[in-house]
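Novice: Here it is, the structure, as structure tokens.
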Amino acid sequence: MRLANAAHTGRPWRIHDIAGDFQLEDVWVIRTPGAGRDDFPAVLAAMRDSSGGPLPLRLLLAARWKLGALFGWDRASAGVGRRVPSLCDRLPADLRRAPHGSDAGLAPFSPVYALDDECALELANRTVHAVMHLAWAPVAGGRELRMAVLVRPNGLLGRCYMAAILPFRRTLVLPAFVRRLERAWRERDAGVLESAVGTGGIPPSVRALSSLPVVDYADHFALTVTARAADAGATAEQWARAMFGDVPSPGERLIWRGLLGLRLARGRSSATVAGWRITARGDDWIRLETASWFLTANLVVRVADGRVSLTTLLRYDRGLGRVVWPPLSAIHRRLVPGVLRGAAARMTRGGVR
């Protein structure tokens, strides 16, 4: 959510004395429920661990870097220390002695200084010299992260550039960026996610659990779960139900039945998960299976060594499978991390039902 500029200017941040000649463009709040007074480093760590972002945001950023390459905006000669001196040169003695900190996962920004309740990062190109200021602000019931964007445009080019990107920045880029960081904080305890795409990247122990003699597509996602979720003692079937539910959601029906034509069982049953048949299980794994007229699919859920994994394996039974699935697989791979983390959050909150 965007805040009034006073939410930044009204606080005694050190950045005011360092970047007084920069103009304040935006102030945003990043909600951090449950955070305490000393959690500023933990919030920055969650930001560093976050990755990706919604497709529209990635497309806009990719377009910006393409334009930058085309017009030479981002050449090294236009950066910090070349076109403009670094704000590090302005730091008073106490901030020079303080750790500069990390980039908080916000590359190409580089760190200027870091304190217990604020930090600053900078970048420069041919259009602007920009500062990202992150501050740990007290609010009723805890703390929240505030992000301020300060800029010094580079002449007429910089002013025109800032005016041109204003609607995109305020309605698309920064709201999506804020949502990404809020999600990173909420999911900070969800563990480390590992992934592999392609039949060669699937652990042989998992590949052996498939019913498919030939595998044309495979991906594997494994999540290290919190101690609380692990201590719940959930079986692989319970994890599968936490991921997909007893019956498919409208979104799952759209993709599985509408686009892929998969045959799904109706209603709740101990023999199915979200309409997929349970065709095999072991002490720490379960296999779900279904098919359409042009492909056969396995989902293997495994719980072992403090991790839960979801492996998708497909066999193309008709040529249409090679046409339909590849574009859908990109959407599938973006959704799976959220499926795993959502299941882990449900296990953490409510344990095994």
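The values are calculated or read from the model by the stated rules, or taken from the named source; none is laboratory data. Values in this document were obtained by computation on a predicted structure and should not be read as measured data. Every residue, glycine among them, receives a Cβ derived from its backbone with ideal geometry; neighbour counts consider all protein chains shown. Quick note on the areas: whole protein, heavy atoms, side chains included, nothing else; ligands and nucleic acids left out. Shrake-Rupley method; radii C 1.70, N 1.55, O 1.52, S 1.80 Å.
Novice: Considering only the stretch 270-288, how many residues are over 17 Å from residue 309 (Cα atoms) and among the charged types (D, E, K, R)?
Specialist: The total comes to 1.
Novice: Which residues, counting only those in the stretch 252-286, are over 24 Å from residue 209 (Cβ atoms), of a type outside the set (A, V, I, L, M, F, W, C) and in contact with a Leu (Cβ under 9 Å, 6 or more places away or on another chain)?
Specialist: Of everything in the stretch 252-286, those that are over 24 Å from residue 209 (Cβ atoms), of a type outside the set (A, V, I, L, M, F, W, C) and in contact with a Leu (Cβ under 9 Å, 6 or more places away or on another chain) turn out to be 253, 257, 261.
Novice: In the stretch 208-316, which strands (runs of 3 or more DSSP E) lie fully inside it and hold 3 or more residues that are at pLDDT 95 or above?
Specialist: So the answer is 276-281, 285-291, 295-304, 307-316.
Novice: Restricting attention to the stretch 331-344, which residues are surrounded by fewer than 18 Cβ atoms within 10 Å (Cβ to Cβ) and at pLDDT below 85?
Specialist: 331, 334, 335, 338, 342
Novice: Here's a follow-up. Restrict the check to the stretch 150-168 and report whether at least one residue is open to solvent by 60 Å² or more (accessible area, probe 1.4 Å), assigned to a helix (DSSP H, G or I) and touching a helix residue (DSSP H, G or I) at 6+ places or on another chain (Cβ under 7 Å).
Specialist: Looking through the stretch 150-168, at least one residue is open to solvent by 60 Å² or more (accessible area, probe 1.4 Å), assigned to a helix (DSSP H, G or I) and touching a helix residue (DSSP H, G or I) at 6+ places or on another chain (Cβ under 7 Å).
Novice: Could you go through the stretch 186-207 and let me know if any residue there is open to solvent by less than 40 Å² (accessible area, probe 1.4 Å), aliphatic (A, V, I, L, M) and within 30 Å of residue 3 (Cβ to Cβ).
Specialist: Looking for residues that are open to solvent by less than 40 Å² (accessible area, probe 1.4 Å), aliphatic (A, V, I, L, M) and within 30 Å of residue 3 (Cβ to Cβ), one finds at least one in the stretch 186-207, hence yes.
Novice: OK, next. Checking the conditions here, which among 108, 92, 99, 138 is open to solvent by 20 Å² or more (accessible area, probe 1.4 Å) and modelled with pLDDT of 90 or more?
Specialist: Within the list 108, 92, 99, 138, the selection yields 92.
Novice: Give me the pairs, please: first residue somewhere in the stretch 307-333 and in contact (Cβ under 8 Å) with a residue 24 or more places away in the chain, second residue anywhere and open to solvent by 10 Å² or more (accessible area, probe 1.4 Å) and of a type in the set (D, E, K, R), beta-carbon distance under 7 Å, and either six or more positions apart or on two chains.
Specialist: 309/302; 314/216; 315/216; 316/216; 316/322
Novice: Another question, if that's okay. Across the stretch 1-51, what is the number of residues that are in a loop (DSSP other than H, G, I, E, B) and open to solvent by 30 Å² or more (accessible area, probe 1.4 Å)?
Specialist: So the count comes out to 17.
Novice: Using beta carbons and a limit of 7 Å, which pairs, at least six apart or on different chains, have the first residue in the stretch 20-38 and more than 23 Å from residue 90 (Cα to Cα) and touching a residue at least 40 places away in the same chain (Cβ under 8 Å) and the second one of a type in the set (Phe, Trp, Tyr) and surrounded by 11 or more Cβ atoms within 10 Å (Cβ to Cβ)?
Specialist: Matching pairs, first to second residue: 32/185.
Novice: Taking the stated definitions as given, is residue 328 surrounded by fewer than 18 Cβ atoms within 10 Å (Cβ to Cβ), in contact with a helix residue (DSSP H, G or I) (Cβ under 7 Å, 6 or more places away or on another chain) and under 16 Å from residue 218 (Cα atoms)?
Specialist: Yes.
Novice: Can you work out which of the residues in the stretch 14-54 that are farther than 14 Å from residue 116 by Cβ and among the basic types (Lys, Arg) is modelled with the highest pLDDT?
Specialist: 31
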